[in-house]
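Rule-based calculations on the coordinates, nothing more; no lab input. Note that the structure is a prediction, hence the values are computed from the model and not measured. As a convention, Cβ positions derive from the backbone with ideal geometry for all residues, glycine included, and neighbour counts pool all protein chains shown.
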Amino acid sequence: QVQLVESGGGLVQAGGSLRLSCAASGFTFQVYTMGWFRQAPGKEREFVAVIRWDGDISYYADSVKGRFTISRDNAKNTLYLQMNSLKPEDTAVYYCAAAAYGGRSLVTLAGRNRYDYWGQGTQVTVSS
């Protein structure tokens, strides 16, 4: 069965760093485009970053551009999100997601409805 399991969340001070991981199983990871989303209390789930199936191209939300880096290791079936210069407004539950998308453009993959599988989420809390 398909599983996406996030880890690496926690409590950090503003300006600090965290690296999130998402371990995937039950599907052919290397042909899926992978994304990160987040949801703060009382807010809708929002797009954070996406990486193409081959890892060659990434796309970021403006709010995290220059601070976060998405990457993947297809040999390990693992997705990562390196989060630097964290701000209190980054506080949220972070979710990884998989999309059966073989195209080259990533613009449409900022939308939640393009993803087939979702993880359970991991909490990130940034204190000021």
Spread of Cα-to-Cα distances over 5 Å intervals beginning at zero, given as percent, for region 56-113
4, 13, 25, 28, 19, 9, 2, 0
Spin-label point model (7 Å from Cα, Cβ direction): what's the Arg45 to Lys76 distance in nm?
2.5
Find the all-direction average of the projected area of the Cα convex hull for region 1-56, expressing the result in square nanometres with one decimal place.
5.3
What's the whole-number percent of alpha carbon pairs in the chain lying beyond 16 angstrom?
58
Please tell me the relative contact order of region 30-70 in percent, rounded to the nearest whole number, where contacts are Cα pairs under 8 Å and at least six residues apart.
33
Assigned charges on the beta-carbon of Lys, Arg, Asp, Glu; region 46-128 dipole about Cα centre (debye)
100
